[in-house]
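Below is one structure; the comments refer to it alone.
Where a number appears in this text, it was derived from the coordinates with a stated rule and is not lab data. Keep in mind the model is a prediction, meaning the values are calculated, not measured. Here the Cβ positions follow ideal geometry from the backbone for every residue, glycine too, while neighbour counts run over all protein chains shown.
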Amino acid sequence: MFTASHPCYANVVMDYLDPGSRMVSHRLYRENCWQTEQGVYVKDLRVLSNRNLSEIVLVDNAAYSYFFQLENGIPIIPYYEGKNDYELKHLLEYLLQLADCKDVREFNRRHFKLERYLAYSNPEDLVKELYGEWVTDKINRAN
């Protein structure tokens, strides 16, 4: 588990979610992140020097948090909707697909195309490129 949170907060959450640390054996916190001049915390997987990056994913609702290893990132929508929130269900389905991958980065690259994000200064143009005009129109109508 790699979080930009402080250990005092993250440990309470993780102890509740995984009592006895049966599923998560290691925890990394804010002090393990790289901090930008603007105060943003970025998770740099190079701190895991004894791990193979082809087997590691970073799930985060802030894409900047996995900027150094973009292909290891799995973007997720923030949790707000209570019983109407299906994001974790979709994440589980995605993770199950990753289980048989030799290199999660290749699967993520094909699925998310996150490297394309770097070529755009305007998010609207990126959304058009990735998903087509109809998505942009739908977003504009919703706002």
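Taking only C-alpha pairs under 8 Å that are 6+ residues apart, what is the relative contact order of segment 7-118 in percent? Reported relative contact order: 19 percent. Going by neighbour counts of Cβ atoms within 10 Å, the residues Glu93, Glu55 line up, fewest first, as Glu93, Glu55. As a proxy for reagent exposure, Lys102, Lys113, Lys83 were ordered by neighbouring Cβ count within 10 angstrom, fewest first; the result is Lys83, Lys102, Lys113.
Among the trypsin sites (Lys or Arg not before Pro) in segment 1-30, those placed in a DSSP loop whose Cβ has at most 15 other Cβ atoms within 10 Å are Arg22, Arg27. Here is the list for segment 1-86: chymotrypsin sites (Phe, Trp or Tyr not before Pro) lying in DSSP coil, each with at most 12 other C-beta atoms within 10 angstrom of its C-beta, are Tyr79, Tyr80, Tyr86. Just to compare against my own numbers: the Cα pair-distance distribution for segment 1-122, 5 Å bins, whole % per bin, please. Per 5 Å bin, starting at zero, the Cα-Cα P(r) for segment 1-122 comes out as 2, 10, 17, 22, 24, 17, 8, 2, 0, 0 percent. When the helices of the chain are scored as -39500 (n - 2.57) per DSSP H run of n ≥ 4 and the total is divided over every residue, the value at 222 nm lands at -10500 deg cm²/dmol.
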